[in-house]
Amino acid sequence: MQNVLVPTDFSVEARNALEVALQLAQRTGGQVTLLHVVDLPRTSGMITTGGVASASARQGVFIVQLLQRIKRRMHELMADVARLAPDVAMQDRIATGHDVDEAILDAIGELHIDLVVMGAREHAPAFHLFTPDSHPERLVRLAPCAVLTVKHPAPHFEVRSIVFASDFSHEADRLMPQLRHLCITFPEATLHLLDVETSAEGYAAALDRVHAFADRHQLAAYEADVFNAPQVRAGIPRFAEEAHADLVVMLTHGHTGLQHLLHGNLAEGVAVQAAAPVLTFHPQEQ
């Protein structure tokens, strides 16, 4: 997680994400790119290089003025970052386009990003059922790299409790390199291996799966936790809160289209429902 991208809309949530990203970069020696996407209306005629293709003169003036304001805000934010974390390598980028998520994904590929730190608003499970996907959820689903969602201020981002939430099938084995890296990065943290069960009858089998996972990977220091909840999606945030987790780690499958509508994505929901920061990885990452 050396090359970090922080999308910003200059909101409080984005500021929280930047705060965490800077502290991670200080710990790992990484570099941070601050990205703002100017979400232009589709009739603007603006192209990504910043020119005006066929918009009216009035609209063109508005866009130029908008970009000037954005550049001033980015300059002010970068100056603030230089005071807060002078030892972190920083760069800023302003992109224009008609789709914010697409612009962020383009930046991930172009800049070879391996971690996106994204500000998010914490949603209650019932509220989330009736709302469209947010930018953080879509990035958790679509980004080819790891995504860390941050909901609250963390001026002192100390990770002393990591919760790895999984069913501990063999697919979870594919996340072990990232999990080991996190344990090395935060050697003082307790690792919780969490399986959420929706019935008490599954407790013993779940505990066996957790220990089998730990045995396969020769994990000596961990806590096996099986938590009962009516729904897995709600149980993970509840356990994380009760365990005072500083970081929740999950595998995401990145469903899209009809498959996503039918099955959803557990990691997406937890990413915006858990109070703690949630770090998601795709299975193909080795």
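The values are calculated or read from the model by the stated rules, or taken from the named source; none is laboratory data. Remember, predicted model here, so these are calculated numbers, not experimental data. Ideal geometry is used to build each Cβ from the backbone, glycine not excepted, and the neighbour counts take in all protein chains shown. These area figures cover heavy atoms from the full protein model, side chains too; ligands, DNA and RNA do not enter into them. Shrake-Rupley method; radii C 1.70, N 1.55, O 1.52, S 1.80 Å.
For this structure, a couple of remarks:
- Stretching the chain fully between ARG83 and LEU67 yields a gain of 3.3 nm (0.36 nm per residue, less the alpha carbon separation).
- Ranking HIS282, HIS112 by solvent-accessible area of protein heavy atoms (1.4 Å probe, all protein chains present), from largest to smallest, gives HIS112, HIS282.
- SER199 accessible area, 1.4 Å probe, all protein chains in place, Å² to nearest 10: 50
- Phi-based couplings in Hz for the stretch 171-185 (Karplus 6.51, -1.76, 1.60; Gly and Pro marked x): 4, 5, 4, 6, 9, 4, x, 5, 5, 5, 4, 5, 5, 6, 5
- Taking 0.36 nm per residue of separation and subtracting the Cα-Cα distance, full extension of the segment from LEU111 to GLU241 would add 43.3 nm.
- At R0 = 22 Å, FRET efficiency that the Cβ-Cβ distance of GLU158 and VAL12 yields, to 0.05: 0.55
- Accessible heavy-atom area order of TYR222, TYR203, highest first, probe of 1.4 Å: TYR203, TYR222
- GLU171 accessible area, assembled protein chains, probe 1.4 Å, Å²: 70
- In this rough spin-label picture, where each label sits 7 Å from Cα along the Cβ direction, the HIS170-ALA229 distance is 2.8 nm.
- Full extension of the chain between GLN26 and ALA221 gives 67.6 nm of extra length, using 0.36 nm per residue less the Cα-Cα distance.
- Ordering of 150-158, 240-248 by packing is 240-248, 150-158, highest average first (other Cβ atoms within 10 Å, averaged per residue).
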